[in-house]
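K.L.:
Mind looking over this structure? Questions follow.
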Amino acid sequence: YTAEQVDDLISRLEHAAEKQAAHKSQAVRLRAAERDLLSSAERLEQLLHTGITADKQLLQQVFGGEEQRLHRVHHVLHVTELSDINSKDQRWPQLKAAVETVEELLKKYCSTTFRPWTPMRPAPEAVSYEAFATGE
């Protein structure tokens with residue numbers, strides 16, 4: 001596998017997640033969007049599994065460093081909520097497990113540079129300072 005192949009699959013996953021989110025209120029389109037999303041998840045999981053079982057140096061080159069690729073996948077996994085119909089589909093947790101395994105390997109082989117993903121907190125809607133509110 002190559003970095004370009006990984007980037008392509010992650011882009012497809014992101015695009016499918018955007019379509020799924022856009023069709024939440026349209027049952028037929030939502031089903032089709034989730035079918036595409038889960039198919040993308042399955043293809044990416046298969047590629048990650050290849051990376052897990054193959055050359056660790058290649059895994060480090062493709063996923064190490066700033067871990068942008070893994071962070072993008074984590075973001076999709078974090079913000080996407082599958083419908084009840086697909087909530088038990090195993091492709092989604094399998095992708096999550098593959099990402100976690102790649103992270104564990106990167107921790108082992110890139111322990112000095114690896115930064116785990118953490119979800120971003122939403123920005124505050126309003127900020128107030130007590131000194132301004134009281135006029136002091």
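K.L.:
Inspect all residues belonging to segment 115-129 and state whether any of them is assigned to a loop (DSSP other than H, G, I, E, B) and modelled with pLDDT of 80 or more.
P.N.:
Checked segment 115-129: no residue is assigned to a loop (DSSP other than H, G, I, E, B) and modelled with pLDDT of 80 or more.
K.L.:
Would you mind stating whether HIS74 is assigned to a helix (DSSP H, G or I), open to solvent by 30 Å² or more (accessible area, probe 1.4 Å) and in contact (Cβ under 8 Å) with a residue 12 or more places away in the chain? Before you say what the answer is, go through the steps one by one.
P.N.:
Working: assigned to a helix (DSSP H, G or I): yes; open to solvent by 30 Å² or more (accessible area, probe 1.4 Å): no; in contact (Cβ under 8 Å) with a residue 12 or more places away in the chain: yes.
No.
K.L.:
Something else: So which pairs qualify, if the first residue must be in segment 83-98 and in a loop (DSSP other than H, G, I, E, B), the second must be open to solvent by 50 Å² or more (accessible area, probe 1.4 Å), the Cβ gap must be under 9 Å, and the two must be at least 6 apart or on different chains?
P.N.:
These pairs meet every condition: SER83/LYS24; SER83/ALA27; SER83/ARG31; ILE85/ARG31; ASN86/ARG31; ASN86/ARG35; SER87/GLU81.
Results for (1) of a type in the set (S, T, N, Q); (2) open to solvent by 70 Å² or more (accessible area, probe 1.4 Å); (3) in a helix (DSSP H, G or I); (4) farther than 29 Å from LYS107 by Cβ, shown as yes or no for each residue.
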position	(1), (2), (3), (4)
LEU9	no, no, yes, no
LYS19	no, yes, yes, yes
LYS24	no, yes, no, yes
LEU48	no, no, yes, no
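The values are calculated or read from the model by the stated rules, or taken from the named source; none is laboratory data. The structure displayed is predicted, hence computed values, not measured ones. Every residue, glycine as well, gets a Cβ built from its backbone with ideal geometry; the counts of neighbours run over all protein chains shown. Please note that ligands, DNA and RNA were not included when accessible areas were found on the heavy atoms of the full protein model with its side chains. Shrake-Rupley method; radii C 1.70, N 1.55, O 1.52, S 1.80 Å.
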